[in-house]
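The next block holds one structure in the form of structure tokens; read it before the comments.
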Amino acid sequence: MPGIDKMNNLVTPVVGFIEDTFQVTPNPDEVSEVFVVPLEYFVKPLNYKALSYETSSGYLTRMHCFTYDDPEHKRSFKIWGLTAHFAVFLALVIFGERPTFEVDYDLDNLMSSSENYFINLYASIYERKKSQVAVGSFLVVSFHVKMDI
């Protein structure tokens, strides 16, 4: 299921299988660090909090925030925003079990409720853009009327 980032860009996650020998080469302009977290952590986390989040279009949602203590690197990593959103959704699909925290989906109808969530989020952005265009058109019309007088 795609998501929409804070700049209203459509983001589509891609899931695949990789070999243990895979060497990642991240783009430093887009990725600050690469680390491994067990997928099950996103349904049974040890360190989790949720924040209320209002999108730029005024849609109120929940932002998942995880802190993962990586025993291999002996460091903690924060996972939040769209990364956490996609990881939670994937864990829900794969494990088919209820997480230890609240989510924005009907877990008995995960796919249809996630589609509805996305549609409502997208609609809120569309409505905001439409109202901005209408306001812009009104200002242009008002400007032309004043010029004709």
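The values are calculated or read from the model by the stated rules, or taken from the named source; none is laboratory data. Model, not experiment: these values are computed from the prediction. Here the Cβ is made from the backbone with ideal geometry for all residues, glycine too, and neighbour counts use every protein chain on show. When the accessible area is computed, the model is the full protein with side chains, heavy atoms only, and any ligands, DNA or RNA have been set aside. Shrake-Rupley method; radii C 1.70, N 1.55, O 1.52, S 1.80 Å.
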If we sort 10-19, 62-71 on the protection proxy, mean other Cβ atoms within 10 Å, highest first, what's the order?
62-71, 10-19
Sorted by packing (mean other beta-carbon atoms within 10 Å per residue), highest first, where do 83-91, 27-35 land?
83-91, 27-35
Hey, can you find the accessible area per residue of the chain for me, probe 1.4 Å, expressed in square angstrom?
74 Å²
How many lysine pairs are close in the chain, with Cα atoms under 25 Å apart and the two 8 or more places apart or on different chains?
9
Short version: ³J(HN,Hα) in whole Hz for each residue of segment 68-78, in order, from phi by Karplus 6.51 cos²θ - 1.76 cosθ + 1.60 (θ = phi - 60°), x for Gly and Pro, what are they?
10, 8, 7, x, 5, 9, 6, 9, 9, 10, 9
In whole Å, largest first, the alpha carbons of the chain cover along the principal axes 74, 39, 26
Calculate how steeply helix 81-95 sits against the longest principal axis of the alpha-carbon atoms of the chain, using the helix alpha-carbon long axis, and give the answer as 0 to 90 degrees to the nearest 10.
50 degrees
Helix 110-148 against the longest principal axis of the chain: what's the angle in degrees, Cα atoms only, rounded to the nearest 10?
30 degrees
Leaving out ligands, DNA and RNA, what percent of the accessible area of the chain is carbon and sulfur, probe 1.4 Å?
57 percent
Hey, what do the phi angles of segment 14-27 turn into as Karplus ³J(HN,Hα) couplings, whole Hz, using 6.51/-1.76/1.60 and θ = phi - 60°, x for Gly and Pro?
10, 10, x, 9, 10, 6, 4, 8, 4, 10, 7, 10, x, 7
Give me the dipole magnitude in Debye, nearest 20, for segment 25-110 about the Cα centre, with unit charges on the beta carbon: positive for Lys and Arg, negative for Asp and Glu.
240 debye
At R0 = 22 Å the Cβ-Cβ FRET efficiency linking I119 and I94, nearest 0.05, sits at 0.40
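Summing +1 for each Lys or Arg and -1 for each Asp or Glu, what net charge is found among the other residues whose Cβ lies under 9 Å from the Cβ of F66?
Working: positive: K49, K78; negative: none.
Net charge in that neighbourhood comes out at +2.
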